[in-house]
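One structure is given here, and the rest of the page talks about it.
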Amino acid sequence: MQVITFGKFEAQEGHGDELRNVIQEHMKCLNNQPGLVHGYVARSQGNGNKFVVISIWENEEAQQAAMGKLSSDPGATAGFLQLMQLIEGQPDFGNYVVESITK
């Protein structure tokens, strides 16, 4: 069954573009992971400091394997630390199993 993960982030005032760049670099790391179906970065139309990052995985095993691999990658770890320094408050992360798909 497919898995959807998301992260919601809000940049500190004046750092929206910088946060977008860090997120896009992270997505390049995700793009190389086996089992990734799609990855999306969305920026709020009403607040350019707010972002949602969504990734869709073939299954939970692929998602977990990718997260394990990225957590031991020095570049990915440095990027995550940089992301955490740019955000306001705490990020909101989620991990969901897809139960149905509608077109």
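Points to keep in mind about this one:
- Helix 74-86 axis, angle to the chain major axis (alpha carbon atoms, nearest 10°): 50
- 222 nm mean residue ellipticity, helices alone, for the chain (DSSP H n ≥ 4; -39,500 (n - 2.57); rounded to 500): -13000 deg cm²/dmol
- Exposed GluC sites (Glu not before Pro) absent - longest run of the chain, DSSP non-H/G/I/E/B, at most 12 other C-beta within 10 Å: 14-98
- Think of the chain as a dipole: +1 on every Lys or Arg Cβ, -1 on every Asp or Glu Cβ, centred on the Cα centre; then among Gln24, Ala76, Ala66, Gln24 lies furthest on the positive end.
- Answer label for Rg and Dmax of the Cα atoms in Å (calculated), chosen among (i) 13.8, 40; (ii) 13.8, 54; (iii) 20.3, 72: (i)
- Separation in nanometres of the label points that stand 7 Å from Cα toward Cβ, at Ile101 and His15: 3.7
- Lysine pairs with alpha-carbon atoms under 22 Å apart, the chain, spacing 8 or more or separate chains: 5
- Selected from Leu36, Leu81, Leu19 as most flexible by GNM, with the chain as the system and alpha-carbon contacts under 10 Å: Leu81
- The charge dipole of the range 3-97, taken about its Cα centre with unit charges on the Cβ of Lys, Arg, Asp and Glu (plus for the first two, minus for the last two), comes to roughly 140 debye.
- The angle between the Cα long axis of helix 60-71 and the main principal axis of the chain comes to about 40°, on a 0 to 90 degree scale.
Quick note: the coordinates plus some simple rules give every number you see, no bench work behind them. A quick note: this is a predicted structure, and the numbers were derived from the prediction, not measured. Virtual Cβ from ideal backbone geometry, glycine too; neighbours counted across all protein chains shown.
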